[in-house]
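The block underneath contains the structure these notes are about, expressed in structure tokens.
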Amino acid sequence: MTAVAADPPDEAVAGHYGDPYAEQRALCAGSGVVDLSHRDVLRVTGPDRLSWLHSLVSQHVSGLAPGTSTEALVLSPQGHVEHHLHLTETGTEVLVHVEPGTGAALLGYLDSMRFMLRVEVAPVPELVVQWTPAEGYALVTSVEGTAGVMAFEALRIADGRPRLGLDTDHRTLPHEVGWLGSAVHLDKGCYRGQESVARVWNLGRPPRRLVRLHLDGSDVTLPAVGADVLLDGRAVGRMGSSARHFEQGPIGLALLKRNVPADAALTVDGVAAVVDELELAVPESPARASAEARADLLRFR
């Protein structure tokens, strides 16, 4: 098979091997391997590795068992997402993979936080990332892809799974994109940005929400990442990634202001778009629970 390079930021791997739609169908059927070897991989070693990472990231990792994996975030002091991590504890080390081109920045931050603890952090060029329908992400020594990253992206977007740097910006909060359910532990101890996470969760009112957009299929080009999403000529959101799905047609992810109606007629880069709301895995907030309790009380008076 002849590999055709993907578009940035994935240009280091194959976009497709000749038929992106057939590759999507193969992945949906449970077969296929996607080469994601352009993702950066770090290794964290030392006896303090889990307790140290636990103090820095949004997830509860101090008791991560050998052979298990989880997602976590590194947040700014204001609670904005800086890094989205996939971690695997092997029993002797924690392997971390992140978006391509972000490993050096993450390494710099982690190194600055080591102090006197017994931990070491280093890049792992000999390990690369692959994705399969059965196992998801895996770290291996070599990859022979059968489906390109274009197929992976189309299925990811259809599933409503955001990607750091494409579907997020410097203001993104975990609550807005569904990472509060998968990458944040709401009962763990202190970490940078925790107060902001707790405040927004308690109020139950994040300023934006991630949605899937169905795009006008008559347009040849897809909207650019970062383009304004418009309602009656007024910017109401930010366009993220987009792709052509083998069943759903052109689709994309976008961050919209909280008050944008679900039936709004939107445009982005001149392309008409309609909202398809996502069911994001977000734990119920105290504010929402209290509001529903008050509504139930009024209903039965």
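The values are calculated or read from the model by the stated rules, or taken from the named source; none is laboratory data. This is a predicted model, so every value here is computed, not measured. Here the Cβ is made from the backbone with ideal geometry for all residues, glycine too, and neighbour counts use every protein chain on show.
Exactly one residue among D167, D159 is free of Cβ contacts under 8 Å to residues at least 24 places away in the same chain and either surrounded by 23 or more Cβ atoms within 10 Å (Cβ to Cβ) or within 18 Å of the chain's Cα centre (by Cα) (or both), and that residue is D159. Surrounded by 18 or more Cβ atoms within 10 Å (Cβ to Cβ) and charged (D, E, K, R) - does that describe any residue in segment 69-80? Within segment 69-80, none of the residues are surrounded by 18 or more Cβ atoms within 10 Å (Cβ to Cβ) and charged (D, E, K, R). Check whether at least one residue in segment 45-67 is crowded, with 22+ Cβ neighbours inside 10 Å, polar (S, T, N, Q) and touching a helix residue (DSSP H, G or I) at 6+ places or on another chain (Cβ under 8 Å), and report yes or no. The answer is yes, given that some residue of segment 45-67 is crowded, with 22+ Cβ neighbours inside 10 Å, polar (S, T, N, Q) and touching a helix residue (DSSP H, G or I) at 6+ places or on another chain (Cβ under 8 Å). Remark: pairs (first residue in segment 125-138, closer than 19 Å to S31 by Cβ and at pLDDT below 95; second residue in a loop (DSSP other than H, G, I, E, B) and not β-branched (V, I, T); Cβ separation under 8 Å; 6+ apart in sequence or on different chains) = A134/G30.
Residues in segment 170-203 that are assigned to a loop (DSSP other than H, G, I, E, B) and either of a type in the set (A, V, I, L, M) or without any contact (Cβ under 8 Å) to a residue 60 or more places away in the chain (or both): L173, A183, V184, L186. Note on segment 118-149: residues that are in contact with a helix residue (DSSP H, G or I) (Cβ under 9 Å, 6 or more places away or on another chain) and surrounded by fewer than 16 Cβ atoms within 10 Å (Cβ to Cβ) amount to 4. In segment 223-258, what count of residues is obtained for those that are farther than 15 Å from A272 by Cβ and small (G, A, S)? So the answer is 6.
When you look at A134, is it outside any helix (DSSP H, G or I) and small (G, A, S), yes or no? Yes, satisfied. Flag not set for A122, criterion: assigned to a helix (DSSP H, G or I) and at pLDDT 95 or above.
Please verify whether segment 146-154 includes one or more residues that are part of a strand (DSSP E or B), of a type in the set (A, V, I, L, M, F, W, C) and within 15 Å of the chain's Cα centre (by Cα). Looking for residues that are part of a strand (DSSP E or B), of a type in the set (A, V, I, L, M, F, W, C) and within 15 Å of the chain's Cα centre (by Cα), one finds none in segment 146-154, hence no.
Restricted to segment 203-225, and to residues there that are loosely packed, with under 13 Cβ neighbours inside 10 Å and either within 28 Å of Q59 (Cα to Cα) or β-branched (V, I, T) (or both), the residue that is farthest from the chain's Cα centre (by Cα) is V220. Here is the figure for segment 239-276: residues that are basic (K, R) and in contact with a Lys or Arg (Cβ under 8 Å, 6 or more places away or on another chain) total 2. Of all residues in segment 55-76, none are β-branched (V, I, T) and more than 30 Å from S196 (Cβ to Cβ). Under the condition of being assigned to a loop (DSSP other than H, G, I, E, B) and either more than 29 Å from V184 (Cβ to Cβ) or modelled with pLDDT of 95 or more (or both), the residues counted in segment 264-288 number 3. When the helices (runs of 4 or more DSSP H) confined to segment 1-117 are screened for residues that are within 27 Å of T146 (Cβ to Cβ) and at pLDDT 95 or above, those reaching at least 3 such residues are found at 20-28.
With respect to the conditions (1) out of contact with any Gly (no Cβ under 6 Å at 6 or more places or on another chain); (2) buried (at least 22 other Cβ atoms within 10 Å of the Cβ), E93 lacks only one, and its number is (2). Remark: pairs (first residue in segment 28-51, farther than 21 Å from E135 by Cα; second residue part of a helix (DSSP H, G or I) and among the hydrophobic types (A, V, I, L, M, F, W, C); Cβ separation under 9 Å; 6+ apart in sequence or on different chains) = V44/L50; V44/W52; V44/L53; V44/L110; G46/W52.
Going by the structure shown, is G189 modelled with pLDDT under 95 and more than 24 Å from A254 (Cα to Cα)? So G189 passes the test.
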